[in-house]
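Just so it is clear, none of the values below were taken in a lab; they were calculated from the coordinates. Please read all numbers here as calculations on a predicted model, not as lab measurements. Reconstructed Cβ throughout: ideal geometry from the backbone, glycine too, with neighbour counts over all protein chains shown.
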Amino acid sequence: MAHPSQLGFQDAASPLMEELLHFHDHALMIVILISAMVLYIIVAMVTAKLTDKLVLDSQEIEVIWTVLPAIILILIALPSLRILYLMDEINDPHLTIKALGHQWYWSYEYTDYQDLGFDSYMIPTQDLTPGQFRLLEADHRMVIPVESPIRVLISAEDVLHSWAVPSLGVKVDAVPGRLNQATFIVSRPGVFYGQCSEICGANHSFMPVVVEAVPLDHFEDWSSLMIEDA
């Protein structure tokens, strides 16, 4: 998760987020090079004599500043399109979970695995135990197996919400009457935090998303216990 004074992204916990980080670095390097070139041109124009014929007219520079931006746009567009298709790819998910947004909590249903469903509320500050994070902990986490393709079907019952987990590279709007979907693979065990990223009302910042990735045998034990408790 993020920590104080952090400037970069959270550590990637899924292959999709790793691709997004690589694309961010790729695009940022291009922006830095463009900024350096523009700064050099500004300095050169300020210090050059206005009577210099190379400044007043140059066919070559006209060709360069027409062709070069087109090449730069292609270098940005191609990897961007590749990631867009990767984000939309659904290949035989091992588990499908339905996440339903309410004011102001999430409901999860594991109906294609077992008849399992529960609500996930934020833990109030006064009930937190040492080591838990304020405004981010939930009483019931969305538990999933690691290294398994997971599909999340996302909707809402009242107003717009948004199911977002930055370290997994997932952010999908929850729209009433509409079913959106997201897919990801968690590459390592851990607990990953997110929040509703839509301004959905007075308690908008009090409906966290907590995803816990565990080995498959631990996931089966957890689901059995949840069904017994229900």
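Within the chain, which is the longest segment that contains none of the trypsin sites (Lys or Arg not before Pro) sitting in a DSSP loop with at most 13 other Cβ atoms within 10 Å?
50-133
If the only charges are +1 at each Lys and Arg Cβ and -1 at each Asp and Glu Cβ, what is the size of the charge dipole of the stretch 93-227 around the Cα centre, to the nearest 20 debye?
For the stretch 93-227, the charge dipole is close to 440 debye.
Of S223, V210, V175, which is farthest on the positive side of the dipole of the stretch 142-230, counting Cα position, with +1 on Lys and Arg Cβ, -1 on Asp and Glu Cβ, and the Cα centre as origin?
About the Cα centre, the residue reaching furthest to the positive side is V175.
For the stretch 93-227, just list the percent of Cα-Cα distances falling in each 10 Å bin from zero outward, please.
The percentages, shortest bin first, are 13, 46, 35, 7.
Find the eigenvalues of the gyration tensor of the Cα atoms of the chain, then list the square roots of 5 times those eigenvalues as equivalent ellipsoid semi-axes, largest first, in whole angstrom.
Semi-axes from the Cα gyration tensor: 47, 20, 16 Å.
Treating each Cα of the stretch 13-86 as an identical point scatterer and ignoring solvent, apply the Debye formula and state log10 I(q)/I(0) at q = 0.12, 0.17, 0.28 Å⁻¹.
Debye output, listed in q order: -0.51, -0.78, -1.27.
At 37 °C and 0.692 mPa s, grab the translational diffusion coefficient of the stretch 1-131 from Stokes-Einstein with a Kirkwood Rh over Cα pairs, rounded to a whole number in µm² per second.
157
Along the charge dipole of the chain, pointing to its positive end and built from +1/-1 on Cβ of Lys, Arg, Asp and Glu, which listed residue (L33, L20, G194) has its Cα farthest out?
Towards the positive end, the residue furthest out is L33.
So, R0 is 45 Å and r is the distance between the beta-carbons of H3 and V63; what FRET efficiency does that work out to, to 0.05?
For H3 and V63, the calculated efficiency is 0.40.
Compute, for the chain, the length of the dipole vector about the Cα centre, with Cβ point charges of +1 (Lys, Arg) and -1 (Asp, Glu) only. Units Debye, rounded to 20.
Magnitude of the dipole: close to 1000 debye.
Once every DSSP H run of n ≥ 4 in the chain is given -39500 (n - 2.57) and the sum is divided by its residues, what mean residue ellipticity at 222 nm do you get, rounded to the nearest 500 deg cm²/dmol?
So the calculated ellipticity at 222 nm is -12000 deg cm²/dmol.
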